[in-house]
1. Assess whether Leu102 counts as being within 16 Å of ligand 1 (Cβ to nearest atom), under 17 Å from the mean Cα position of the chain (by Cα) and within 27 Å of Ala51 (Cα to Cα).
2. Residues that are in contact with a Cys (Cβ under 9 Å, 6 or more places away or on another chain): find the helices (runs of 4 or more DSSP H) completely inside the stretch 106-195 holding 3 or more of those.
3. With away from ligand 1 (no atom under 16 Å from the Cβ), within 23 Å of Ala222 (Cβ to Cβ) and among the hydrophobic types (A, V, I, L, M, F, W, C) as the only criterion, which of Ala19, Ala81, Ala6, Ala65 stands out?
4. Name the single residue, out of those in the stretch 22-80 being farther than 20 Å from Ala234 by Cα and among the acidic types (Asp, Glu), that is least open to solvent (accessible area, probe 1.4 Å).
5. Would you check which residues across the stretch 64-83 are touching a Gly at 6+ places or on another chain (Cβ under 6 Å) and within 16 Å of ligand 2 (Cβ to nearest atom) and list them?
6. Would you please list the contacts, defined by Cβ atoms under 6 Å and residues six or more apart or on different chains, that run from a residue in the stretch 249-269 that is touching a residue at least 60 places away in the same chain (Cβ under 8 Å) and under 15 Å from Asp3 (Cβ atoms) to a residue that is open to solvent by less than 20 Å² (accessible area, probe 1.4 Å) and in a helix (DSSP H, G or I)?
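The values are calculated or read from the model by the stated rules, or taken from the named source; none is laboratory data. These numbers were taken from a predicted model, which means no experiment stands behind them. When we count neighbours, we look across all protein chains shown, and the Cβ atoms used for this are built from the backbone with ideal geometry, even at glycine. Note: accessible area is taken over every heavy atom of the protein model, side chains too, but ligands, DNA and RNA are not part of it. Shrake-Rupley method; radii C 1.70, N 1.55, O 1.52, S 1.80 Å.
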Amino acid sequence: MIDSHAHLDSPRYDEDREALLARALEAGVDTILSIGIGEGPDTMHQALDLARAYTGRPGVPKIYATAGVHPHEARLADETAYGKLDNLLNQPEILACGEIGLDYYYDHSPREEQKAVFSRQMEIAAAHKKPIIIHCRPSDNSTNAWDDTLDMLESQWAPTSLGGILHCFTGEWTHARRAMDLGFLISFAGNITFPKAQPIRDVLAQVPLDRMLIETDAPFLAPVPNRGKRNEPAWVAAVAAKVAEVKSIVPEEAALRTTQNFHNFFGTSVTAENAR
Ligand SMILES: [Zn+2]
Ligand SMILES: [Zn+2]
């Protein structure tokens, strides 16, 4: 399995990061994409540092990284941050720019500022020919952030043909459809196991098997039966199991297909390092 979205640099893992990575490999997670948003732009390099620190280390999954400014921290994005992002996207271990996008649920940064920062980061990612990982969360009972995100992707990102990933998908079928038309993959997280998540499972039922990924978004959003606890990559197995149930396939196929989708999209492959 591949956990396509985890915040391995979270301080919540400082005590036991290596043991947690070992547990992930034991559970069958051979690759993790570590999201490089840090605690803000100043620390967006931490995911890359981790990827490098664990390269070639036996007993842990292969770790790739991303870099970007989360919409929550858009108000902190300055020229220094953009320069840093530009430099990070040059590094081969960095597969994508993200997570970037719009969050109108928390509104930690003004919406116009979020849009400007999202747009600027798309420009930088395009210059490096790297795909983008999208975080999108609308206000309650609204699709406002989806509408704005997809409009921006269609006008600004579509011409690049680089595609991306909608992470922790919670939208409607029409949002998934519009993104897939732009070459995006749809990534499902532990919230698909929550009792009230039937609308997300209904979309999952429609997303083709060759267009989906699985993720934990660890340390957040632990799947049932660990809901409420600190999440970790090993528990992506619960996401794979729920995907399998919804798609009426065996969990092994859900794991295999999402792994293939990741490698096909990023041009990565299973290496001797993570094949055990
Ligand atoms: Zn997110
Ligand atoms: Zn995240």
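1. Considered against the rule, which asks whether it is within 16 Å of ligand 1 (Cβ to nearest atom), under 17 Å from the mean Cα position of the chain (by Cα) and within 27 Å of Ala51 (Cα to Cα), Leu102 comes out as yes.
2. Details: elements: 111-127, 144-152, 173-181.
The qualifying helices (runs of 4 or more DSSP H) are 111-127, 144-152.
3. From the options Ala19, Ala81, Ala6, Ala65, the qualifying one is Ala19.
4. Selected residue: Glu73.
5. Result: Ala65, Thr66, Ala67, Gly68, Pro71, Glu73.
6. Ala255/Ala240
Residue by residue, here is whether (1) within 13 Å of ligand 2 (Cβ to nearest atom); (2) over 21 Å from Gln260 (Cα atoms) holds:
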residue: Asp9; (1), (2): yes, yes
residue: Thr31; (1), (2): no, no
residue: Ile37; (1), (2): yes, yes
residue: Arg52; (1), (2): no, yes
residue: Leu85; (1), (2): no, yes
residue: Glu93; (1), (2): no, no
